[in-house]
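This report refers to the structure that appears directly beneath it.
Laboratory data are not the source of any read-out in this text; all were calculated from the coordinates shown. Since the structure is predicted, the reported quantities are computational estimates derived from the model, not experimental observations. Don't worry about glycine lacking a Cβ; one is built from the backbone with ideal geometry, like all the others, and counts go over all protein chains shown.
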Amino acid sequence: MGMIYKRGNVYWIKYYWNGKPFFESSRSKSYDDAKWLLKKREGEAADGKRPGTRYDRVRFNELAEDFLAHYRINQKKSLDRAELSVSHLREKFDGMRVTKIDTSKVLKYIETRQEQGAANASINRELAALKAMFNLAAKQTPPKVGQVPYIPMLEENNVRKGFFEHGDYLALREALPEYLEGFVAFAYKTGWRVSEITNLTWSQVDLAQGIVRLEVGTTKNKEGRTVYLDKELKEVFNYQWEARKESGKLTPYVFPNKAGTGKIKAFRKAWDKACQDAKIGKGLFHDFRRTAVRDMVRSGIPERVAMMISGHKTRAVFDRYNIVSPDDLKMAAIRQSEYLHRSRA
């Protein structure tokens, strides 16, 4: 139980939180003021909040650092994406008190990002990061925010539907620098994510058996994966192995960078130039993921097996990647016509 007492002419209160006594001045000579403050502090303690917490002292930067630390500690694969989201959020909220960040401020942030040409999907990733910051701060002991503001999300209509036809892939591969040729060949056949391929090491490869493995916990969905190499990919991996020995630079990565000293990090310029030289428009590396899914399904590979190769965990996402092209629609029309012709004969 709390109590009220005097120090000189000013009333003080004593209350308990987590079994520990806290003393606080009411800054008033009125007993009623002290009584009101004591009830407030006891109410906060009953709600699990640390009494007297000054949320207006906490700023956005502190929440952002806690958020990124959470990602680093838990070794989340999307740390790069989280850091990018935080960098955009800092442009608006850097140094701002968290008590000042409300829905109206969030709406203005959305307007600013849209004026900058950011896609709704990108803005949503940033809003999700902001929401995660507040939720993390609210769960801390003691909590750093009194409430989590309502943060609206935008409708996303920018789902990409690009993929490579085989001829486009061949033209692109021929136009790329030599060190990227095997890299894109593997992406075209398997649909693996770019980070999974750039981080692939020889310890994950069994050349004799023609097997490549991703261990449990190293993928985005935390599940392991095994892929058997076909004839073309076996040739690619054998070439990479022999090139590694000849260079004398024994990097652990299957697809090293141009210098052969480490993994591939940035290849955007080489990619854009190759797309231009191959006259295929502005393609995206992620289009290989859609292409591999589509080709596996069209070739008769069971969808469950295709999902295990590409690493899609949910059917909903897999279906989004299983794209129908104009050629598929034309073939459907031809097959329907042939069927109707046979049925009438």
Points 7 angstrom from Cα along the Cβ direction at Gln276 and Ile211: gap in nanometres? 4.5 nm
Taking placed amide H atoms and a strict 5 Å upper bound, the residues 5 or more places from Asn257 or on another chain that come that close are Gly262, Lys263, Ile264
What pairs in Lys189/Lys231; Lys77/Lys231; Lys35/Lys100 have C-alpha atoms more than 20 Å from each other? Lys77/Lys231; Lys35/Lys100
Please quote Rg/Rh for region 179-268 to two decimal places, taking the Kirkwood radius as Rh and restricting both calculations to Cα atoms. 0.93
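R0 = 35 Å: FRET efficiency of Arg57 with Lys265, Cβ-based, nearest 0.05? Write out the running numbers ahead of the final one.
Numbers: r = 40 Å, r/R0 = 1.14.
In this case the efficiency is close to 0.30.
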Going through region 193-301, which GluC sites (Glu not before Pro) have at most 12 other Cβ atoms within 10 Å and a DSSP loop state? Glu215
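Calculate, for Ser195 and Lys20, the FRET efficiency according to 1/(1 + (r/R0)^6) with r their C-beta to C-beta distance and R0 41 Å; round to the nearest 0.05.
Working: r = 47 Å, r/R0 = 1.14.
Computed FRET efficiency for Ser195 and Lys20 comes out at 0.30.
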Global geometry of region 57-139, whether rounded, prolate or oblate, following the gyration tensor of its Cα atoms and the 1.5 cut on a/c: oblate
Can you give me the distance in nm between label points at Lys258 and Lys77, each placed 7 Å from the Cα along the Cα-to-Cβ direction? 2.9 nm
Using a cut-off of 16 Å between alpha-carbon atoms, which lysines can reach Lys76, once sequence neighbours fewer than 8 places away in the same chain are excluded? Lys220, Lys222
Under 19 Å from Lys265, Cα to Cα: aspartates and glutamates that are on another chain or at least 8 residues apart: Asp80, Glu83, Glu178, Glu181, Glu196, Asp287
Expressed as a whole-number percentage, the relative contact order of region 57-139 with C-alpha contacts under 8 angstrom and at least six residues apart is 46 percent
Which of the lysines could be linked to Lys39 by a straight reach, that is with a Cα gap under 19 Å, when you skip same-chain ones fewer than 8 residues away? Lys6, Lys14, Lys20, Lys29, Lys49
